[in-house]
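Here the structure is laid out as structure tokens; the discussion comes afterwards.
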Amino acid sequence: MKILVPVKRVADPDNANKVKVSDDGSRVTSDGLEWKMNPFDEWSLEAALRLTEDAGAKKRVGEVVLVSIGPKDEVQTIRQGLAMGDERGILVEAEDDDLDSHVVAQVLEAIAKKEEPDVVFLGKQSADGDSNVAGTKLADFLDWPLVNYAMHIATDDEGKTFTVKRELDVGQQTLKVTAPCVFTASDRILQPQAIKNGVTADDFAYPESDGGRYASLKGIMQAKKKPVEETTLEGLGVTPTRVNAYGSFTLPAARTGSTVFLETVEELVEKLQTEAKVL
Amino acid sequence: MTDVLVVAELAEGAARKTTLSAITFARQVTEATDGAFDVLVIGEGAEDAAESLTGYGARTLLTADVEGGYTAEAYAPTVAEVAKENEYGVLVACASTYGKDLMPRVAAKIGAGVASDISAVAVEDGTLHYTRPMYAGNVFGTMTVTTDVQVVTVRQTEFDAATESGGSSDTEEVDVADATEAAGRIEFVSIETVKSERPELTEADVVVSGGRSLKSAENFENVLEPLVDALGAAMGASRAAVDAGYVPNDLQIGQTGKVVAPKLYVAVGISGAIQHLAGMKGSKTIVAINKDKEAPIAQVADYFLVADLFDAVPALTDAVKSAG
């Protein structure tokens, strides 16, 4: 099974409240914040690794190819993924300002046509733009089926077909999909038994986790030697057509008033009745 | 003049209330540009479902009876055809898991840009400027979409449900478009919906949410739920509580999960990760109940009861009952 996993970096999402806007409002600045792999991509990457390994024997049985689109520094995001166990990477050099969800989907379409993976497994959104669009557009450009917000994935024929559960606002939906196809992941994809690949024993359980696996020292050393192909939009024959234009950015208004700390339930009830008037 | 197509969301043959938020957007845009809006009701039992939407001022209710359960692959071609045959400037749905799954697929088919999960729209000289939360709600970006047709999903908490304006809309059945190859490779197997007597999370005036500190599904039931019901509230949860299996996924509030903005939000044993705050900091009054005074939920809480939830929640439940 061959899986293509797009990854990008974002300003540390656990400190997103420290993101600032430039004085003229034209740019978001994340100075002082570390770059991290987009957490939603990290979940997809972890799920892709689980789909392509024999977890009991700690053996790779498939291939995960990482692709990142952005400035040259993005290679570090790829190396981080390679250290976790992925086989190789593709860096598509581009300026962040030239990208939007539409262009990203165009680039990924070109790469998917070239690489012919069984699955493209994306984060459902990026933690900065929060758009939730690129994966779905990609699926339509390719005319492949898509399961958004996958929470449980099972295959018993090495990825030719999948039974997938996905999360909805109103519950869960189960679908059968024939590869090649596109997935995006929900938070639940990291549950200990959310992935059944027909190779790892059925009763195998991964440790509880809210992110991807840690890279071992050996993994980090090996990652340096793994191939990363570099290309460009032109090299892929993509003519980018941006469709979104951001004019300005603002920070949300701070909540008014400060926090009132209380010691007893009686005080709280009194405040809610007489001050907030919500009881 | 900008005409708008609202794509209705159905659940079990009836229009979900999310549809009314999309109609509110459509009214804002068409009133500002002197346009008109239609509503496309698509899915099994579309004609019956359309009846409930007749009094909201739509020019035409278009119905498409697509058989079988929902997949974007099956629905999107019909929505795209309707869009192509009419001169809509904007297609809109609510930014529910339905709208966010379907609309970008439609956008791809008609070469449109998407303004996703917007919190506001403004019309200036006929151009639509969309404001949308980014960075887990820590930045708001204002953007335009440069394609002729624009696809929009609206955040339900920021677009109040439309109320009936009277009259009745014309109804017209539209053809179901041919399926593409993708539809042949995805099969709807089943849907499990969660039934609750409580108000819907995204619509409730009061939300009570629990975190991992509740420690078990039983405690959610025995400790938290009595407070939820005493307040006539909807119940929510943090990602950690859902991950731990204490409650089902549809209760999750946050950057992933649902966004709520009730009059009163009570966070019980929730530390307040940025990802959780993204889903509730628009609430009017926020109460935190937590042993740890330093918990980041304090950044947004109006009232912070520093207490053990296992003592405080039953006491609060009793107090609410006797006050009511």
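Looking only at the stretch B:235-249, filter to residues that are out of contact with any His (no Cβ under 8 Å at 6 or more places or on another chain) and more than 9 Å from chain A (Cβ to nearest Cβ); which one of those is farthest from B:ASP117 (Cα to Cα)? Full working, then the answer.
Filtering the stretch B:235-249 down to residues out of contact with any His (no Cβ under 8 Å at 6 or more places or on another chain) leaves B:235-237, B:240-249.
Still in the running and more than 9 Å from chain A (Cβ to nearest Cβ): B:235-237, B:241, B:246-247.
On the way: B:MET235: 23, B:GLY236: 21, B:ALA237: 21, B:ALA241: 25, B:TYR246: 28, B:VAL247: 26 Å.
Among those that are out of contact with any His (no Cβ under 8 Å at 6 or more places or on another chain) and more than 9 Å from chain A (Cβ to nearest Cβ), it is B:TYR246.
For the stretch B:11-34, which residues satisfy the criterion of being assigned to a strand (DSSP E or B) and touching a residue at least 60 places away in the same chain (Cβ under 8 Å)? So that I can check it myself, show each step before the final result.
Here is the first cut: in the stretch B:11-34, the residues assigned to a strand (DSSP E or B) are B:11, B:14-15.
Within the stretch B:11-34, B:ALA11 is the sole residue that qualifies.
Based on this model, can you work out whether A:GLU115 counts as within 22 Å of A:THR29 (Cα to Cα) and in contact (Cβ under 8 Å) with a residue 40 or more places away in the chain?
Working: within 22 Å of A:THR29 (Cα to Cα): no; in contact (Cβ under 8 Å) with a residue 40 or more places away in the chain: yes.
Judged against the criteria, A:GLU115 is not a match.
Is there a residue being assigned to a strand (DSSP E or B) and not small (Gly, Ala, Ser) anywhere in the stretch A:100-112?
Taking the stretch A:100-112 first, the residues assigned to a strand (DSSP E or B) are none.
No, the stretch A:100-112 contains no residue that is assigned to a strand (DSSP E or B) and not small (Gly, Ala, Ser).
Residues checked against (1) surrounded by 19 or more Cβ atoms within 10 Å (Cβ to Cβ); (2) touching a residue at least 60 places away in the same chain (Cβ under 8 Å); (3) within 11 Å of chain A (Cβ to nearest Cβ):
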| site | (1), (2), (3) |
| --- | --- |
| B:ASP170 | no, yes, no |
| B:VAL174 | yes, yes, no |
| B:ALA177 | yes, yes, no |
| B:VAL208 | yes, yes, no |
| B:LYS215 | no, no, no |
| B:LEU251 | yes, no, yes |
| B:LYS263 | no, no, yes |
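What's the number of the only condition in (1) free of Cβ contacts under 8 Å to residues at least 12 places away in the same chain; (2) within 14 Å of chain B (Cβ to nearest Cβ); (3) surrounded by fewer than 20 Cβ atoms within 10 Å (Cβ to Cβ) that A:ALA57 fails to meet?
Going through the list (1) free of Cβ contacts under 8 Å to residues at least 12 places away in the same chain; (2) within 14 Å of chain B (Cβ to nearest Cβ); (3) surrounded by fewer than 20 Cβ atoms within 10 Å (Cβ to Cβ), A:ALA57 breaks only (2).
Residue by residue, here is whether (1) surrounded by fewer than 22 Cβ atoms within 10 Å (Cβ to Cβ); (2) touching a Gly at 6+ places or on another chain (Cβ under 9 Å) holds:
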position	(1), (2)
B:THR19	no, no
B:ALA22	no, yes
B:GLY43	no, yes
B:ALA46	no, yes
B:GLU51	yes, no
B:ALA58	no, no
B:GLU73	no, yes
B:LEU91	no, no
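Tell me which residues, restricted to the stretch B:286-324, are closer than 17 Å to B:VAL206 by Cα and of a type in the set (Lys, Arg).
Once the filter is applied, which keeps residues that are closer than 17 Å to B:VAL206 by Cα and of a type in the set (Lys, Arg), the stretch B:286-324 yields only B:LYS321.
Name the residue that is nearest to the other protein chains (Cβ to nearest Cβ), counting only residues in the stretch B:107-129 that are farther than 23 Å from B:LYS281 by Cα and among the acidic types (Asp, Glu).
B:GLU124
Which of the following residues is surrounded by fewer than 24 Cβ atoms within 10 Å (Cβ to Cβ) and either under 26 Å from A:ALA205 (Cβ atoms) or not aliphatic (A, V, I, L, M) (or both): A:GLY85, A:GLY89? Give the derivation first.
Details: A:GLY89 fails: surrounded by fewer than 24 Cβ atoms within 10 Å (Cβ to Cβ).
Among A:GLY85, A:GLY89, only A:GLY85 is surrounded by fewer than 24 Cβ atoms within 10 Å (Cβ to Cβ) and either under 26 Å from A:ALA205 (Cβ atoms) or not aliphatic (A, V, I, L, M) (or both).
Go through (1) of a type in the set (Val, Ile, Thr); (2) crowded, with 17+ Cβ neighbours inside 10 Å; (3) more than 27 Å from B:ALA115 (Cβ to Cβ) for B:THR193 and report which single condition fails.
The single condition B:THR193 does not satisfy is (2).
Condition first: among the hydrophobic types (A, V, I, L, M, F, W, C), over 16 Å from A:THR161 (Cβ atoms) and in a strand (DSSP E or B). Now tell me which residues in the stretch B:166-191 satisfy that. So that I can check it myself, show each step before the final result.
First pass over the stretch B:166-191, keeping only residues among the hydrophobic types (A, V, I, L, M, F, W, C): B:174, B:176-177, B:179, B:182-183, B:186, B:188-189, B:191.
Keeping just the survivors that are over 16 Å from A:THR161 (Cβ atoms) gives B:174, B:176-177, B:179, B:191.
Of everything in the stretch B:166-191, just one residue is among the hydrophobic types (A, V, I, L, M, F, W, C), over 16 Å from A:THR161 (Cβ atoms) and in a strand (DSSP E or B), namely B:ILE191.
Give me a count of the residues in the stretch B:144-157 that are out of contact with any helix residue (DSSP H, G or I) (no Cβ under 7 Å at 6 or more places or on another chain) and either more than 12 Å from every other protein chain (Cβ to nearest Cβ) or polar (S, T, N, Q) (or both).
4
Return the total of residues in the stretch B:47-101 being among the small types (Gly, Ala, Ser), under 23 Å from A:GLY135 (Cα atoms) and not in a loop (DSSP other than H, G, I, E, B).
Result for the stretch B:47-101: 7.
Which condition number does A:THR136 fail, the rest of (1) more than 7 Å from chain B (Cβ to nearest Cβ); (2) assigned to a helix (DSSP H, G or I) being met?
(1)
Yes or no: B:ASP101 among the charged types (D, E, K, R), over 18 Å from B:ASP160 (Cβ atoms) and under 18 Å from the mean Cα position of the chain (by Cα)? If you could, list the steps in order and put the result at the bottom.
Working: among the charged types (D, E, K, R): yes; over 18 Å from B:ASP160 (Cβ atoms): yes; under 18 Å from the mean Cα position of the chain (by Cα): yes.
Judged against the criteria, B:ASP101 is a match.
Which ones in the stretch A:26-41 are more than 14 Å from A:GLN76 (Cβ to Cβ) and more than 9 Å from chain B (Cβ to nearest Cβ)? Walk me through how you get there before you give the answer.
Within the stretch A:26-41, the subset more than 14 Å from A:GLN76 (Cβ to Cβ) is A:26-33, A:39-40.
Passing the criteria: A:SER26, A:ARG27, A:THR29, A:ASP31, A:GLY32, A:LEU33.
Where a number appears in this text, it was derived from the coordinates with a stated rule and is not lab data. Note that the structure is predicted; figures quoted are calculated from it, not measured. Note that each Cβ is placed from the backbone with ideal geometry, even for glycine, and that neighbours are counted across all protein chains shown.
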